[in-house]
1. How many residues does segment 212-231 contain that are over 21 Å from Val70 (Cβ atoms) and within 14 Å of ligand 2 (Cβ to nearest atom)?
2. Would you be able to tell me the number of residues in segment 223-234 that are buried (at least 24 other Cβ atoms within 10 Å of the Cβ) and within 13 Å of ligand 1 (Cβ to nearest atom)?
3. With Ser69, Ser64, Ser18, Ser79 as the choices, which residue is within 20 Å of Ala481 (Cβ to Cβ) and either modelled with pLDDT under 95 or more than 16 Å from ligand 2 (Cβ to nearest atom) (or both)?
4. Out of (1) within 14 Å of ligand 2 (Cβ to nearest atom); (2) surrounded by fewer than 23 Cβ atoms within 10 Å (Cβ to Cβ); (3) hydrophobic (A, V, I, L, M, F, W, C), what's the single condition that is false for Leu168?
5. Within the set of pairs 6+ apart or on separate chains, which have a first residue in segment 7-19 that is β-branched (Val, Ile, Thr), a second that is within 8 Å of ligand 2 (Cβ to nearest atom), and C-beta atoms under 9 Å apart?
6. Between Leu113, Leu151, which is open to solvent by less than 10 Å² (accessible area, probe 1.4 Å), more than 16 Å from ligand 2 (Cβ to nearest atom), at pLDDT 95 or above and more than 24 Å from Val42 (Cα to Cα)?
7. Among the numbered conditions (1) without any contact (Cβ under 8 Å) to a residue 60 or more places away in the chain; (2) among the hydrophobic types (A, V, I, L, M, F, W, C); (3) in contact with a helix residue (DSSP H, G or I) (Cβ under 6 Å, 6 or more places away or on another chain); (4) open to solvent by less than 40 Å² (accessible area, probe 1.4 Å), tell me where Ile187 comes up short.
8. May I ask you to list the residues in segment 1-17 that are within 16 Å of ligand 1 (Cβ to nearest atom) and open to solvent by 10 Å² or more (accessible area, probe 1.4 Å)?
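The values are calculated or read from the model by the stated rules, or taken from the named source; none is laboratory data. Source: prediction; values computed, not measured. Neighbour counts are summed over all protein chains in view; Cβ atoms, including those assigned to glycine, are modelled from backbone coordinates with ideal geometry. What goes into the accessible areas is simple: the full protein's heavy atoms, side chains included, and nothing from ligands, DNA or RNA. Shrake-Rupley method; radii C 1.70, N 1.55, O 1.52, S 1.80 Å.
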Amino acid sequence: MQEYIKIFDTTLRDGEQSPGASMNIEEKIKIALQLEKLGVDVIEAGFAASSPGDFEAINQIAQSLSSASVCSLARALESDIDVAAKAIAPAHHKTIHTFIATSPIHMEFKLKLKPEEVIKKAVNAVKYAKSLCQDVEFSCEDALRSDIGFLKEILPAVIEAGANTLNLPDTVGYRLPHEIGTFIKEIHNFIGDRAILSIHCHNDLGLAVANSIAAIQNGVRQVECTINGLGERAGNTALEEVVMILKTRKDLFLTSTNSALDTHINTKEIYPTSKLVADITGIRPQPNKAIVGKNAFAHESGIHQDGMLKHPQTYEIMRPCDIGIPESNGLILGKHSGKAAFKDKIKSLGFEGISDAELLAAFERFKVLCDSKKEIFDDDIRAILSEETLHIPQIFSLGIIQVSACSSGKYCAAISIYKDENEVSDSALGNGAVDSVLKSIDRISQIQGHLQDYKVESITSGKDALAKVVVKVVFENKSRAIIGHGIDIDTMSATAKAYISALNSYLSMKDLISNNA
Ligand code: KIV
Ligand code: ZN
């Protein structure tokens, strides 16, 4: 039996199905590289047959990674499997993940197939996938509401056809931990060592992590999960929670030789990964979220603070540094800091492989920031770096912006934007400052955008904190919303930058997005 827990990350597939979490290709590659650094075993990079954009993202991720296995989801159809195999072809290690529903309700009403027809389709799909790829995972969608007798028919058949991993999803997040435990134990006793058992839980009742842990205790050796628990509806199992449960309670999870049943995760990369995913998707974990929430290590009560000062373990079962929360979060660099100190700081914040051009661009932005902001914090530098290392072609960039209040509640924005070194300016009236800014940009770019979501937050504390704006925009009535980010001391400049970054992102992937209707 496999003596470690394999981590199958589906942030880029199931996680991307979170409302509002769609990402562009550059962002997906950045997350995939960070997931590899985190040490996940398999990265489900998307569902290649679902759109040309997904295909392209998987294909580019396959070209970029070296150690993690790159996986594409595929329905139990030869056409889907062909596209999946093509997308992952450049990867050093690859997996095809094919699935079909096995619960009575899905088979009868969704698939309109008899159980024996489902087995036939599953077997054909796995055989075909195996002819194209050594590693084949088969999922019984809605397994946890399927008849266990039926699973005992379909699972040996797909093993025979070549599946190495059998995934049992609680697709609708319905089960309780003791039920999952009993179910997995019976399947595990039946399958034995013939394949690796995997669990994939949804969080509809807030039990995804507890259910995944119950499954591990009863024989699964792969957990499917996402960073920050992103995912369809209420989300999936949170990777960081499963990993830290195994690490913190290693006394309870043992291999056959009584050593700790661990993962390959470098837990010090958990916090940087969580932050990256939150920055890119604009979906921040709730403050009290376990492990990566803003308050996860904050001790507010006097009694707790007193205990912590006397001995940290009085109230702390994990240390912030275990998950990579940097020790220093105070004032760091200032107006007089030079490039060498800046470079040093970037290194200490964990940014690696920064090119000279990126360093120079980030340093210039840091210097500009020093002119208007008294205290520069680690998070300010992190925010600048995150923007400078996202390689979305800068077709448009912001020049000057002026926003003023007019009579009758209207606002007027006058903006100049650069395109190919040419400065173009225009102005527009709007119902509020944001409306006027976005309308001016639409006039200049001549590309119509519809704002679907707008969020603003401060990166650090203080009246002069940097504002971070995240927008979600549908351009030219296309089927997909694009996310854009902007940071600036001035909220309206950050708004304009975020909208322009969404526009640049849209233009870089326009051909891969289908039209609405
Ligand atoms: O939740 C689910 O059943 C899935 C499968 C496609 C694995 O995401
Ligand atoms: Zn799922």
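1. 2
2. 6
3. Sole residue among the options that is within 20 Å of Ala481 (Cβ to Cβ) and either modelled with pLDDT under 95 or more than 16 Å from ligand 2 (Cβ to nearest atom) (or both): Ser18.
4. (2)
5. From segment 7-19, the pairs are Ile7/Glu224; Thr10/His200; Thr10/Glu224; Thr10/Gly231; Thr10/Asn236; Thr11/Gly231; Thr11/Asn236.
6. Leu151
7. (3) is the only condition that Ile187 fails.
8. Selection gives Lys6, Arg13, Glu16, Gln17.
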